[in-house]
Structure formats: C-alpha cells, structure tokens
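Encoded as structure tokens, the structure appears first; notes follow it.
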Amino acid sequence: MLNSAITATLIATVLALVGCVAHSQVQREHAGWSRTELEADLDTWLDWTRSTHPAFELAVEQDTFGRQVDRVRAQLRDEMGVSEVWHTFAQLNPYLDDAHMGLDLPAAVGGSEIWRVEIEDARAYIPAGNPDEEREEIIAVNGASVSDMIVRTLPLLRGESDSLRSRILELRFRELLALHLDGALPVEIRLQGTDGTERFVAHVSSTVGASETAPFDMLLVKSTAVMRIDTFERDYEAAFTAFLEESFERIESARATRLVIDLRGNGGGAHELSDRLLGYLTSERYTPMSAVRARVTEDNMGLIPGGEPGAVVAMPFAQWVEPVSPMGHLFDGEVIILVGPATYSQAIVFATIIQDFQLGSVAGEKTEGKANQTAQVQHFALPRTGFHVRAPLYVLTRASGEESGAGVMPDIVWSNADDRSFEWIVENLDRSSGEAVSTESSLRQ
C-alpha cells in the first residue's frame with residue numbers, strides 16, 4: 001500500500017488522461033523503405049507496446065492479434081511509400097481496441113490549423129455557419145475522392161468503434177488528406193451543396209482558430225438547465241471556469257430544478273476541469289478509481305515503492321477528492337448526464353463518478369469506450385519510418401470495483417441518443433418524472 005505522501009504525488013500522474021490527438025512526423029524524404037527496415041519498425045512497435053502497457057496480454061486477444069501481425073508482416077515489401085506502409089501497419093489498430101493505444105496518422109505539413117468537418121456515412125461535410133445555412137460536402141481534394149479516403153482509412157484508425165474513430169478523423173481531417181495525397185498540400189477542393197451545386201475553392205474557410213467560441217454552452221428549457229460540454233481539454237480551463245461560474249449563477253437565478261449535462265460529444269481531457277464541474281454538484285468527497293495497474297518506468301518508479309523499471313504493479317488505489325464548492329452556487333436538484341458512443345476518456349471517468357457515488361443519473365446509449373479507462377498515454381516515434389505510436393502506462397478500475405471491459409451502461413437507456421434534441425430529452429424526462437409521481441401517488445393511496 002502506498003503511503004499518503006506518495007499517494008498524493010501519484011494522483012496527478014495517474015489521472016493525466018491523455019486525449020486521442022497527437023501529431024507524428026514521418027520521414028517523407030524516403031522514396032521507400034526496404035522490407036527489412038519495415039519489419040524492424042513493426043517489431044520495434046510491438047516490443048515497445050508490450051513493455052509499456054501494464055496489461056497488454058489481458059487487453060488484447062493474443063492468438064488473434066498474433067495472426068494479424070503475421071498477415072501484416074507478409075504484406076511488407078521493398079520500396080513501399082508512406083501511405084501504403086501506414087495502411088498496412090494500421091491493420092493492427094482495430095485489434096488493440098483502445099483509442100489510447102495504436103498507430104497515429106502522420107502529421108500534415110504546411111500549417112497546424114484544424115479543419116472543422118463532420119464525418120457521416122463515409123462523407124465529410126463543412127458544418128453550416130448558422131441555422132439558415134446548409135452544410136456543404138467535401139467531394140474531392142486535388143481530384144481525389146474524399147469518400148474513398150474515408151472508406152479506406154476510417155476502419156484502421158485507433159479506437160473501440162466507428163463512432164470514436166470518426167471523432168478522431170474529424171479532428172485529424174487534414175492528416176487524412178496528407179496521407180492520401182502523399183504529403184501534398186490541397187490546392188483544389190470540390191464542394192457540393194445539398195442542391196447539387198458544386199464549387200471549387202483553394203482552402204476550407206471553416207477552421208478552428210484560437211479565437212473561436214469555446215465548445216460548451218448552456219440553455220434553459222422550462223425548469224431544466226441543459227449544459228453542453230464537448231471537451232475537458234486543459235487549453236479551455238480559463239474559459240471553462242468562467243463558463244461554469246456564469247452558468248450556475250443563471251441556474252440559481254432561474255431556480256432550475258433539473259440539470260442535464262450533455263457529454264455525448266466529449267472526447268475527454270484533464271481531470272482538473274471535470275473536478276471543477278463536480279464542485280458544483282457535490283460537497284462530499286469522491287474518487288474516480290478503486291484500483292490501478294501500473295507499468296513502472298524510470299520516471300514514476302519513485303512513486304511506487306519497491307517497483308523496478310519494467311515491472312507491473314497492481315494495487316488497490318483510491319484517489320479521494322474533496323470538492324471545493326463555489327459559495328452559493330452548489331446545485332442540489334436532479335442531475336442527468338447524457339452519454340453516447342463517442343463519449344470518451346475523462347468524460348467516461350466523470351460519468352462513472354456520477355453513477356458510483358449516486359450523484360445523479362446517466363442517460364443515453366452505452367459508451368463504446370470502456371468504463372475502466374487507460375491513462376498516462378506514452379508516445380514513441382518508430383526509428384525508421386518516423387510513425388508515432390502510443391500506449392498507456394495505467395489501467396484504472398472505477399470506484400465501484402466493477403472490472404468488466406464493457407462501456408458505461410446508462411441508468412436511462414435511449415436508442416439513437418446522439419440524434420435526440422434537447423427539447424425531446426427534456427420532454428421525455430418530464431414525462432418520465434410525471435409517470436413516476438403518479439405511480440408514487442397511487443401507491444400512497
């Protein structure tokens with residue numbers, strides 16, 4: 001068992017849940033690699049992953065994975081290009097079944113901006129700027145079909161499901177283009193409106209910039225406050241803090257009796273942000289975990305007594321958090337957390353805390369990401385191709401002690417949860433609440 005000082009230090013390390021986004025630099029000056037070089041990088045990736053992940057043998061079905069490695073190895077040959085090698089190596093990603101583990105898309109060159117796109121049914125769309133506009137589909141880039149790119153690459157991305165992989169692809173759309181255009185910059189982009197009208201542009205103007213509105217908002221529907229939070233990323237910490245303060249002041253002034261927190265599009269981030277939100281929901285202490293399995297490294301060995309580099313330590317571990325509740329704004333009404341297939345990482349941890357400490361109800365569809373998340377993701381560049389791979393150092397067990405590999409199961413299950421509007425959700429909750437009240441009244445009579 002860890003002593004209190006070591007425990008306090010390990011808390012920050014264990015809960016540094018890393019999101020699903022990372023760049024990788026590829027040695028594109030290579031016209032092609034030899035088969036020997038590619039096999040060496042494949043073996044390096046596998047060896048590094050096995051020596052990093054604390055439970056690789058348990059997390060991945062070894063016989064099935066081994067056969068897939070053999071199939072990948074058999075496809076390697078001399079003078080393969082970047083795209084061909086990536087699509088060959090990436091055939092291992094689906095077998096890893098964890099967005100925190102696997103092969104990243106190579107980084108795009110010529111700018112770091114993110115194109116804001118929506119991926120649906122193997123098609124990419126530019127979101128409409130306002131409700132009066134209609135979105136346009138990105139049909140082709142430099143004459144190459146974007147739908148064909150998505151069909152070929154989406155199944156090979158990191159992640160437990162197509163929903164999670166689509167989310168990654170939305171954030172890394174320029175990397176998808178660079179991979180298929182052999183690193184060339186987009187010069188001719190063909191767009192198509194819903195009426196079939198086409199136009200050609202040199203760049204997509206709908207990009208995510210530093211000044212864009214933060215990805216969270218709040219509205220009031222009757223006596224229900226609906227709060228949409230699409231990320232817990234640390235980059236938004238200051239804006240998120242201000243958003244919560246303003247929102248809970250409005251909730252208190254409006255005397256809202258129910259709070260719905262929409263995490264259906266939240267891919268995770270830092271626990272500091274979700275802890276700040278929990279400070280408005282409870283004054284009682286909580287822990288996101290009951291146990292941890294950790295790989296000991298040179299960096300964390302001082303935090304794990306008796307652990308030597310390379311060893312795996314599994315132990316009961318509760319990280320108790322004493323919430324700091326903002327004066328006068330602690331919400332004491334009904335709390336509903338919305339989740340869906342794309343809810344991931346720290347957003348999943350937040351939902352399990354709500355369930356395990358009965359701070360509210362979880363509604364929607366079961367998450368595709370596991371309720372017991374991995375954490376402290378490490379990154380490694382393969383020495384010959386330059387591809388970046390990732391793997392976690394920690395596997396966490398939720399506070400309830402439930403150890404299954406399933407996602408978070410909602411208390412209130414709705415089919416097609418991602419398509420439900422806020423108005424439908426509030427009406428459904430009102431109707432359910434009314435039915436519950438009527439039943440309780442009849443029982444009392």
Hey, LEU330 under 30 Å from GLU252 (Cβ atoms), in contact (Cβ under 8 Å) with a residue 40 or more places away in the chain and open to solvent by 40 Å² or more (accessible area, probe 1.4 Å) or not: yes
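Matching residues to (1) among the polar types (S, T, N, Q); (2) within 18 Å of the chain's Cα centre (by Cα):
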residue: LEU103; (1), (2): no, yes
residue: ALA108; (1), (2): no, no
residue: VAL117; (1), (2): no, yes
residue: ASP121; (1), (2): no, no
residue: ASN130; (1), (2): yes, no
residue: GLU137; (1), (2): no, no
residue: ASN142; (1), (2): yes, no
residue: ILE150; (1), (2): no, no
Taking into account only those residues within region 396-421 that are of a type in the set (A, V, I, L, M, F, W, C) and closer than 18 Å to ASN372 by Cβ, which is most open to solvent (accessible area, probe 1.4 Å)? MET409
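A quick yes/no check of all residues on (1) more than 21 Å from LEU263 (Cβ to Cβ); (2) open to solvent by 30 Å² or more (accessible area, probe 1.4 Å); (3) of a type outside the set (A, V, I, L, M, F, W, C):
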site	(1), (2), (3)
THR287	no, no, yes
GLY307	yes, no, yes
ALA318	yes, yes, no
PRO323	no, no, yes
ILE336	no, no, no
PHE350	no, no, no
ILE354	no, no, no
GLN358	no, yes, yes
GLY369	no, no, yes
With the condition being aromatic (Phe, Trp, Tyr), I'd like the strands (runs of 3 or more DSSP E) fully within region 294-405 carrying at least 1 qualifying residues. 374-381, 388-397
Candidate set: region 123-158, residues that are touching an Asp or Glu at 6+ places or on another chain (Cβ under 9 Å), modelled with pLDDT under 95 and over 21 Å from GLU188 (Cβ atoms); chosen: the one surrounded by the most Cβ atoms within 10 Å (Cβ to Cβ): ALA128
Just a yes or no: is a residue in region 60-72 open to solvent by 30 Å² or more (accessible area, probe 1.4 Å) and either at positive phi or at pLDDT below 95 (or both)? no
Enumerate the pairs (first residue in region 141-161 and farther than 16 Å from ASN93 by Cβ and free of Cβ contacts under 8 Å to residues at least 60 places away in the same chain; second residue anywhere and open to solvent by 10 Å² or more (accessible area, probe 1.4 Å) and basic (Lys, Arg)) with beta-carbon separation below 7 Å, excluding pairs fewer than 6 apart on the same chain, so at least 6 apart or on different chains. SER147/ARG123
Condition first: touching a residue at least 60 places away in the same chain (Cβ under 8 Å) and within 11 Å of VAL72 (Cα to Cα). Now tell me which residues in region 87-104 satisfy that. HIS87, PHE89, ALA90, GLN91
Are there any pairs, at least 6 apart or on different chains, whose C-beta atoms fall under 6 Å, with the first in region 232-248 and closer than 22 Å to GLY328 by Cβ and the second open to solvent by less than 30 Å² (accessible area, probe 1.4 Å) and part of a strand (DSSP E or B), and if so, which? PHE243/PHE216; SER247/MET218
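Okay, residues lined up against (1) closer than 24 Å to ARG234 by Cα; (2) in contact (Cβ under 8 Å) with a residue 40 or more places away in the chain; (3) touching a Leu at 6+ places or on another chain (Cβ under 8 Å):
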{"position": "GLU334", "(1), (2), (3)": "no, yes, yes"}
{"position": "VAL339", "(1), (2), (3)": "yes, yes, yes"}
{"position": "SER345", "(1), (2), (3)": "yes, yes, yes"}
{"position": "VAL349", "(1), (2), (3)": "yes, yes, yes"}
{"position": "LYS366", "(1), (2), (3)": "no, yes, no"}
Might you let me know whether region 348-359 holds any residue that is modelled with pLDDT under 95, more than 19 Å from PHE248 (Cα to Cα) and acidic (Asp, Glu)? no
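The values are calculated or read from the model by the stated rules, or taken from the named source; none is laboratory data. For clarity, every value in this text was computed on a predicted model and none was experimentally measured. Please note: Cβ atoms are built from the backbone with ideal geometry, for glycine as well, and neighbour counts cover all protein chains shown. For accessibility, only protein heavy atoms count, side chains too; no ligands or nucleic acids. Shrake-Rupley method; radii C 1.70, N 1.55, O 1.52, S 1.80 Å.
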